[in-house]
Amino acid sequence: MIYCLATDTGYSSSFNIFAVIAGILLVKGGLKTANIVAFFSALMLSCFVGLFLVFPLLMPFDLMLTYLRI
């Protein structure tokens, strides 16, 4: 994100902005902030695990193998 801002290139992810803000608030030492960051971290982790479990059901296995070969 910092590289894209420094070189004036396009950047489309907004998750890093929230991570920077959460990091600044955690450095300040807010206990409520730590609770909120822990909650969203657990939520994102469960979303990624769920994505890996659901992804094979979204497309046929042979098509995934073809994509991997290409």
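Read-outs: derived from the displayed coordinates by stated rules, not from any lab. The model shown is predicted, which means the values in this text are computed figures rather than measured ones. Here the Cβ is made from the backbone with ideal geometry for all residues, glycine too, and neighbour counts use every protein chain on show.
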- Two pseudo-spin positions, 7 Å from Cα along C-beta at residue 49 and at residue 68, lie apart in nanometres by 2.3
- Query: Separation between the residue 57 and residue 7 pseudo-spin-labels, each 7 Å from Cα along Cα→Cβ, expressed in nm?
  - Reply: 4.0
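Add -39500 (n - 2.57) for each DSSP H run of 4 or more in the chain, then divide by its residues: what number comes out at 222 nm, to the nearest 500 deg cm²/dmol?
Roughly -26500 deg cm²/dmol at 222 nm, from the helical runs in the chain.
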- Task: Please sort through the DSSP H helices of the chain and keep those with an alpha-carbon extent of at least 24 Å along the long axis and a Kyte-Doolittle average not below -0.5.
- Result: 31-58
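For the chain, what class follows from the C-alpha gyration tensor (a ≥ b ≥ c being the square roots of its eigenvalues): rounded when a/c is under 1.5, otherwise prolate if a/b is larger than b/c, else oblate? Present the calculation step by step, with values, prior to reporting the outcome.
Numbers: a/c = 5.05, a/b = 1.55, b/c = 3.26.
Oblate, because a/c is 1.5 or more while a/b does not exceed b/c.
Could you work out how much longer the chain between residue 19 and residue 32 gets when fully extended? Use 0.36 nm per residue separation minus the Cα distance between them, nm to one decimal. Mind showing how you got there, number by number?
Values: separation 13, 0.36 × 13 = 4.68 nm, distance 1.58 nm.
Residue separation times 0.36 nm, minus the Cα-Cα distance, leaves 3.1 nm.
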